[in-house]
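In what follows, a single structure is set out as C-alpha coordinates and then discussed.
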Amino acid sequence: DTEVTQTPKHLVMGMTNKKSLKCEQHMGHRAMYWYKQKAKKPPELMFVYSYEKLSINESVPSRFSPECPNSSLLNLHLHALQPEDSALYLCASSQDTGHSYTDTQYFGPGTRLTVL
Amino acid sequence: SQQGEEDPQALSIQEGENATMNCSYKTSINNLQWYRQNSGRGLVHLILIRSNEREKHSGRLRVTLDTSKKSSSLLITASRAADTASYFCATGVRANNLFFGTGTRLTVIP
(Lines give C-alpha, C1' and ligand atoms only; values in the text may rest on other atoms or scores of the structure.)
Protein backbone atom coordinates (compact mmCIF):
# COMPACT_ATOMS: atom_id res chain seq x y z
CA ASP A 1 0.00 0.00 0.00
CA THR A 2 1.75 3.16 -1.23
CA GLU A 3 -1.15 5.50 -0.71
CA VAL A 4 -1.69 8.49 1.51
CA THR A 5 -5.37 9.23 2.04
CA GLN A 6 -6.92 12.51 3.12
CA THR A 7 -10.43 13.38 4.20
CA PRO A 8 -12.46 15.30 3.42
CA LYS A 9 -11.69 16.15 -0.22
CA HIS A 10 -13.48 19.47 0.06
CA LEU A 11 -14.38 21.56 3.11
CA VAL A 12 -16.27 24.82 3.39
CA MET A 13 -16.30 26.47 6.80
CA GLY A 14 -17.17 29.73 8.42
CA MET A 15 -14.71 31.77 10.42
CA THR A 16 -16.25 30.65 13.72
CA ASN A 17 -16.33 26.93 12.91
CA LYS A 18 -14.08 24.19 14.24
CA LYS A 19 -13.17 21.44 11.82
CA SER A 20 -10.46 18.83 11.35
CA LEU A 21 -8.54 17.46 8.40
CA LYS A 22 -7.42 13.86 8.52
CA CYS A 23 -4.55 12.00 6.89
CA GLU A 24 -3.62 8.31 6.98
CA GLN A 25 -0.81 6.18 5.62
CA HIS A 26 0.04 2.51 6.00
CA MET A 27 3.53 2.45 4.52
CA GLY A 28 5.26 2.30 7.88
CA HIS A 29 6.59 5.80 7.41
CA ARG A 30 7.68 7.58 10.57
CA ALA A 31 7.62 11.16 9.28
CA MET A 32 4.40 12.97 8.36
CA TYR A 33 3.87 16.46 7.04
CA TRP A 34 1.26 19.17 6.52
CA TYR A 35 1.67 21.60 3.64
CA LYS A 36 -0.44 24.55 2.53
CA GLN A 37 -0.63 25.38 -1.17
CA LYS A 38 -2.21 28.46 -2.71
CA ALA A 39 -3.16 28.53 -6.39
CA LYS A 40 -0.20 28.54 -8.80
CA LYS A 41 2.28 28.48 -5.90
CA PRO A 42 4.52 25.74 -4.54
CA PRO A 43 3.58 23.85 -1.36
CA GLU A 44 4.63 25.59 1.85
CA LEU A 45 5.64 23.41 4.77
CA MET A 46 3.56 23.89 7.91
CA PHE A 47 4.39 21.04 10.29
CA VAL A 48 6.53 17.92 10.45
CA TYR A 49 6.05 14.99 12.82
CA SER A 50 8.91 12.59 13.30
CA TYR A 51 8.21 9.41 15.26
CA GLU A 52 4.93 10.96 16.42
CA LYS A 53 6.64 14.03 17.86
CA LEU A 54 6.32 17.51 16.41
CA SER A 55 9.75 18.29 15.01
CA ILE A 56 9.12 21.31 12.76
CA ASN A 57 6.57 24.11 13.11
CA GLU A 58 7.13 26.74 10.45
CA SER A 59 5.73 29.59 12.56
CA VAL A 60 2.17 28.60 11.76
CA PRO A 61 -0.62 30.59 13.48
CA SER A 62 -2.19 28.86 16.47
CA ARG A 63 -5.54 28.63 14.70
CA PHE A 64 -3.94 25.58 13.03
CA SER A 65 -3.30 22.79 15.54
CA PRO A 66 -1.66 19.54 14.42
CA GLU A 67 -2.04 16.19 16.13
CA CYS A 68 -0.42 12.82 15.52
CA PRO A 69 -2.43 10.17 17.42
CA ASN A 70 -0.24 7.32 16.15
CA SER A 71 2.33 6.57 13.49
CA SER A 72 -0.30 6.14 10.76
CA LEU A 73 -2.56 9.11 11.45
CA LEU A 74 -2.14 12.85 11.25
CA ASN A 75 -4.81 15.45 11.97
CA LEU A 76 -4.98 19.19 11.46
CA HIS A 77 -7.48 20.95 13.71
CA LEU A 78 -8.84 24.22 12.41
CA HIS A 79 -10.42 26.98 14.49
CA ALA A 80 -11.26 30.63 13.83
CA LEU A 81 -9.74 30.60 10.36
CA GLN A 82 -9.57 33.59 8.06
CA PRO A 83 -10.62 33.75 4.38
CA GLU A 84 -6.93 33.99 3.43
CA ASP A 85 -6.46 30.49 4.87
CA SER A 86 -8.44 29.11 1.93
CA ALA A 87 -6.04 26.80 0.10
CA LEU A 88 -5.23 23.19 -0.77
CA TYR A 89 -3.92 21.38 2.32
CA LEU A 90 -1.61 18.52 1.51
CA CYS A 91 -0.48 15.71 3.75
CA ALA A 92 2.66 13.72 3.02
CA SER A 93 4.68 10.95 4.60
CA SER A 94 8.21 9.59 4.29
CA GLN A 95 10.61 7.19 5.86
CA ASP A 96 12.62 8.91 8.54
CA THR A 97 16.13 7.98 7.49
CA GLY A 98 17.57 10.81 9.52
CA HIS A 99 21.31 11.46 9.30
CA SER A 100 20.59 14.75 7.50
CA TYR A 101 19.18 12.90 4.46
CA THR A 102 15.98 14.11 2.85
CA ASP A 103 13.72 11.21 1.95
CA THR A 104 11.21 10.99 -0.88
CA GLN A 105 7.79 12.20 0.24
CA TYR A 106 4.49 10.59 -0.70
CA PHE A 107 1.58 12.98 -0.94
CA GLY A 108 -2.14 12.60 -0.45
CA PRO A 109 -4.62 14.16 -2.89
CA GLY A 110 -5.25 17.12 -0.60
CA THR A 111 -8.21 18.83 1.03
CA ARG A 112 -9.55 21.90 -0.75
CA LEU A 113 -10.50 24.30 2.07
CA THR A 114 -12.69 27.35 1.58
CA VAL A 115 -13.17 29.74 4.50
CA LEU A 116 -16.15 32.06 4.18
CA SER B 1 14.71 32.09 1.01
CA GLN B 2 15.97 28.61 0.27
CA GLN B 3 13.22 28.09 -2.29
CA GLY B 4 14.43 27.17 -5.75
CA GLU B 5 13.60 29.10 -8.86
CA GLU B 6 12.31 27.29 -11.92
CA ASP B 7 12.53 28.34 -15.50
CA PRO B 8 10.44 28.70 -17.54
CA GLN B 9 7.34 29.47 -15.45
CA ALA B 10 5.19 28.06 -18.25
CA LEU B 11 5.94 25.90 -21.28
CA SER B 12 3.66 24.86 -24.12
CA ILE B 13 4.77 22.21 -26.63
CA GLN B 14 3.32 19.85 -29.20
CA GLU B 15 2.87 16.17 -28.41
CA GLY B 16 6.00 14.24 -29.32
CA GLU B 17 8.37 17.13 -28.62
CA ASN B 18 10.82 17.21 -25.75
CA ALA B 19 10.29 19.46 -22.72
CA THR B 20 13.12 20.87 -20.65
CA MET B 21 12.72 22.72 -17.40
CA ASN B 22 15.44 24.14 -15.19
CA CYS B 23 15.83 24.63 -11.47
CA SER B 24 18.29 26.80 -9.58
CA TYR B 25 18.80 26.75 -5.84
CA LYS B 26 20.86 28.57 -3.24
CA THR B 27 22.27 26.24 -0.59
CA SER B 28 24.20 22.97 -0.36
CA ILE B 29 21.92 19.97 -0.75
CA ASN B 30 21.95 16.25 -0.04
CA ASN B 31 19.64 15.50 -2.93
CA LEU B 32 17.29 17.14 -5.40
CA GLN B 33 13.89 15.71 -6.24
CA TRP B 34 11.35 16.39 -8.97
CA TYR B 35 7.61 16.14 -8.43
CA ARG B 36 4.61 16.42 -10.75
CA GLN B 37 1.24 17.87 -9.81
CA ASN B 38 -1.86 17.52 -11.91
CA SER B 39 -4.28 20.40 -11.53
CA GLY B 40 -5.46 20.78 -7.94
CA ARG B 41 -4.24 17.37 -6.84
CA GLY B 42 -1.44 15.89 -4.77
CA LEU B 43 2.18 15.76 -5.83
CA VAL B 44 3.73 12.65 -7.31
CA HIS B 45 7.41 11.91 -6.89
CA LEU B 46 9.21 11.48 -10.22
CA ILE B 47 12.90 11.11 -9.57
CA LEU B 48 15.59 11.78 -6.96
CA ILE B 49 19.20 12.61 -7.73
CA ARG B 50 21.80 12.60 -5.00
CA SER B 51 24.32 15.42 -4.63
CA ASN B 52 27.17 13.13 -5.79
CA GLU B 53 25.35 12.15 -8.98
CA ARG B 54 25.43 14.13 -12.22
CA GLU B 55 22.75 12.46 -14.32
CA LYS B 56 19.89 10.05 -13.79
CA HIS B 57 17.32 8.45 -16.07
CA SER B 58 13.89 7.02 -15.43
CA GLY B 59 11.83 6.01 -18.45
CA ARG B 60 11.29 9.16 -20.52
CA LEU B 61 12.79 11.36 -17.80
CA ARG B 62 16.37 12.57 -17.65
CA VAL B 63 17.63 14.67 -14.77
CA THR B 64 20.97 16.43 -14.54
CA LEU B 65 22.54 18.06 -11.52
CA ASP B 66 25.38 20.56 -11.42
CA THR B 67 26.20 21.30 -7.81
CA SER B 68 28.91 23.80 -8.75
CA LYS B 69 26.26 25.92 -10.49
CA LYS B 70 23.53 24.94 -8.04
CA SER B 71 21.24 23.96 -10.88
CA SER B 72 19.30 20.99 -12.20
CA SER B 73 17.32 20.24 -15.31
CA LEU B 74 14.47 17.86 -16.07
CA LEU B 75 14.05 16.60 -19.63
CA ILE B 76 10.87 14.81 -20.67
CA THR B 77 11.31 13.13 -24.04
CA ALA B 78 8.55 12.33 -26.53
CA SER B 79 5.95 14.23 -24.52
CA ARG B 80 2.34 13.11 -24.29
CA ALA B 81 -0.86 15.01 -23.53
CA ALA B 82 -0.93 13.17 -20.18
CA ASP B 83 2.33 14.92 -19.22
CA THR B 84 0.38 18.19 -18.90
CA ALA B 85 0.94 19.21 -15.27
CA SER B 86 3.00 21.45 -13.01
CA TYR B 87 6.52 20.26 -12.27
CA PHE B 88 8.38 21.22 -9.10
CA CYS B 89 11.97 20.72 -8.13
CA ALA B 90 12.57 20.25 -4.42
CA THR B 91 15.88 20.50 -2.66
CA GLY B 92 16.77 18.30 0.28
CA VAL B 93 18.82 20.34 2.70
CA ARG B 94 18.26 18.50 5.96
CA ALA B 95 16.23 15.61 7.28
CA ASN B 96 12.50 15.84 6.74
CA ASN B 97 12.65 19.22 5.07
CA LEU B 98 12.14 19.72 1.34
CA PHE B 99 12.22 23.18 -0.20
CA PHE B 100 10.04 23.40 -3.29
CA GLY B 101 10.83 25.53 -6.30
CA THR B 102 8.38 27.89 -7.91
CA GLY B 103 7.27 25.33 -10.49
CA THR B 104 6.92 25.06 -14.27
CA ARG B 105 3.45 24.65 -15.80
CA LEU B 106 3.77 22.33 -18.79
CA THR B 107 1.04 22.09 -21.42
CA VAL B 108 1.35 19.38 -24.08
CA ILE B 109 -0.91 20.01 -27.04
CA PRO B 110 -2.28 16.87 -28.74
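The values are calculated or read from the model by the stated rules, or taken from the named source; none is laboratory data. Just so it is clear, the model here is predicted, and its values are computed rather than measured. Cβ sites come from the backbone with ideal geometry, for glycine too, and all protein chains shown count toward neighbours. Just the protein is used for accessible areas: all its heavy atoms, side chains included, with ligands, DNA and RNA removed. Shrake-Rupley method; radii C 1.70, N 1.55, O 1.52, S 1.80 Å.
Figures for the structure shown
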quantity: Exercise: per-residue mean of other protein chain Cβ atoms within 10 Å, B:80-91; calculated: 1
quantity: Mean Cβ count within 10 Å, highest first, over the residues of peptides B:27-33, A:77-83, B:52-58, A:43-49; calculated: A:43-49, B:27-33, A:77-83, B:52-58
quantity: Shielding by partners, peptide A:30-40 (average Cβ within 10 angstrom, other chains); calculated: 2
quantity: Normalised convex hull volume, chain B, alpha-carbon set, Å³ per residue; calculated: 94 Å³
quantity: Carbon/sulfur fraction of accessible area - the protein assembly as shown, other protein chains in place, 1.4 Å, %; calculated: 47 percent
quantity: Partnerless Cys - chain A, beta-carbon criterion under 4.7 Å; calculated: A:Cys68
quantity: Whole-angstrom Cα spans of segment A:15-116 along principal axes, big to small; calculated: 41, 30, 24
quantity: Neighbourhood charge, 15 Å Cβ-Cβ cut-off, centred on A:Leu21 and excluding it, Lys, Arg +1 and Asp, Glu -1; calculated: +4
quantity: Largest-first principal axis extents, alpha carbons of the protein assembly as shown, Å; calculated: 50, 41, 35
quantity: Euclidean distance between Cα centres, segment A:19-48 to segment A:67-116, Å; calculated: 2 Å
quantity: Two-site FRET efficiency, B:Thr27 against A:Thr16, from Cβ-Cβ distance with R₀ of 45 Å, rounded to 0.05; calculated: 0.60
quantity: Test item: Cα-centred dipole of chain A, Lys/Arg +1 and Asp/Glu -1 on Cβ, debye; calculated: 460 debye
